[in-house]
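Read the structure below first, then the notes.
The values are calculated or read from the model by the stated rules, or taken from the named source; none is laboratory data. Everything quoted here is computed from the prediction, not taken from an experiment. FYI the Cβ positions are ideal-geometry reconstructions off the backbone, even for glycines, and counts take in every protein chain you see. Calculation scope for accessible area: heavy atoms of the full protein, side chains included, ligands and nucleic acids excluded. Shrake-Rupley method; radii C 1.70, N 1.55, O 1.52, S 1.80 Å.
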Amino acid sequence: MNFLVWLPLLFFGFVGLSVLATAVVLRAARRAQIIDIPNDRSSHSVPTPRGGGIAIVGLVTVAGAGALAVYGGPAAAAGWVWVLGGLFVAAFSFLDDFRPLPAAVRLALQALAAVGLLAAFGHGWPVLALPGMPVWAWGWLGWIFLLLWIVGLTNVYNFMDGIDGIAGIQGAVAGVGWLALGVVWNDPLLLWAGLALSAGCVGFLVFNWSPAKIFMGDVGSAYLGFTFAALPLLAHAADPRRDLTVLLGCAVLFVWPFLFDGAYTILHRIRRRENLMKAHRGHLYQRLVIAGCRHVRVSVLYGILAAVGWPLAALWVSGAEHAFLVSVGVLLGLAGMLAGYTKYREARAKR
């Protein structure tokens, strides 16, 4: 029987497992008093358990390890390093949820996990080959770019997990994107990882929907960032004929609202000469909440924006000649609308 017939059943089965696992974590967090206490930088006002991302980590790890054990393949070496590296990132991020680690220590540990993944991957980003654009050879800079990509997305995803539902919706949207690519390419690792990521995040949202009963915590957000950065490398390792530039482009498109918000906020803070290492509430999604938008509205908005990446990624994968230019045009337009809407809401709130 065609596997696609079973896919909806598997998806909802994974959602059920995620709901059960999150419920167990919620109960344990309450007993162990793993509670996020609101402060002046928080977007919530009620003490709330955290660490719910453990359920997602567990589900994705089991699904990924199972796919590697059953199917193996050319991506097995990099795949197992991703599984172990992801657990490593989740472990020290969970400790960070208890007792915050110095930023330099977190970056060093994230870089260590990234270097391990790149070592198993076996090469850097050799050339920039955008659809319809000239090819540029990176040379040794390709290693640096991939290292920055992995560490950067790990941190951006962590920073963006600041209101109810936003990280879970983004994870579900990106997971569906990778699930679709796994189905199209008949790639077991992408398929099972995408399935577990999307369903795991949907199940978690049952408890994280506003008002949230539990937060994802660094253990979940850092893990998701690391995993979404790793998947294009695993897809290329499984079949080197897949253009790494296209795969990285798909990865960006699936999480582009988070990347845009992170980059926009950094540039905005640099322009204002603010200390980039100091905690803040300057992200666009935070500013929208401060201006009076409900968590649900902001999270759904970001989810819809992320879903625009699906058809754009399809253009890249199909090899459409103007896929890059079309994507840039669409995303610039949507990014400008998001920034403009934020300023409009802030101006309206000040009246």
Practice task
Give the distance, in whole Å, between the Cα centre of the stretch 311-329 and the Cα centre of the stretch 73-103.
Solution key: 32
Fill in the blank from the handout: Under 5 Å from the placed amide H of L128, counting only residues 5+ away or on other chains, we find W136, A137, W138
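How high is the relative contact order of the chain, in percent, counting Cα pairs under 8 Å that sit 6 or more residues apart? Don't skip to the answer; put the middle values down first.
Details: 521 pairs, mean separation 79.3, N = 351.
Answer for the chain is 23 percent.
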Problem - Computed magnitude of the charge dipole of the stretch 235-351 (debye, nearest 20; Cβ of K, R +1, Cβ of D, E -1) - result: 980
Exercise for the section: List every DSSP H helix in the chain whose Cα atoms extend 30 Å or more along the helix's own long axis and whose mean Kyte-Doolittle hydropathy is at least 1.0. Expected result: 3-31, 76-98, 217-238
Fill in the blank from the handout: If the chain between L101 and L7 were fully extended at 0.36 nm per residue, the gain over the current Cα-Cα distance would be 29.8 nm
Problem - Excluding exposed DSSP-loop chymotrypsin sites (Phe, Trp or Tyr not before Pro) (at most 16 other C-beta within 10 Å), longest clean stretch of the chain - result: 210-351
Completion exercise
The answer for F215, listing residues at least 5 apart or on another chain whose modeled amide H is closer than 5 Å to its amide H, is R50, G51, G52
Problem - Per residue solvent-accessible surface (Å²) - the chain, probe of 1.4 Å - result: 45
Problem - Label of the coordinate-derived value, Cα extents along the principal axes in Å, listed as [x] 54, 44, 41; [y] 77, 42, 37; [z] 69, 50, 46 - result: [x]
Problem - FRET efficiency estimate (nearest 0.05) - Cβ-Cβ, Y71 to Q33, R0 41 angstrom - result: 0.45
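Between L87 and R348, what FRET efficiency follows from the Cβ-Cβ distance if R0 is 51 Å, with the result rounded to 0.05?
Details: r = 45 Å, r/R0 = 0.89.
Using R0 = 51 Å, I get an efficiency of 0.65.
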Handout entry: Centre separation in Å (Cα based) which lies between the stretch 241-265 and the stretch 148-173
Key = 12
Exercise for the section: Calculate, for F145 and L334, the FRET efficiency according to 1/(1 + (r/R0)^6) with r their C-beta to C-beta distance and R0 30 Å; round to the nearest 0.05. Expected result: 0.75
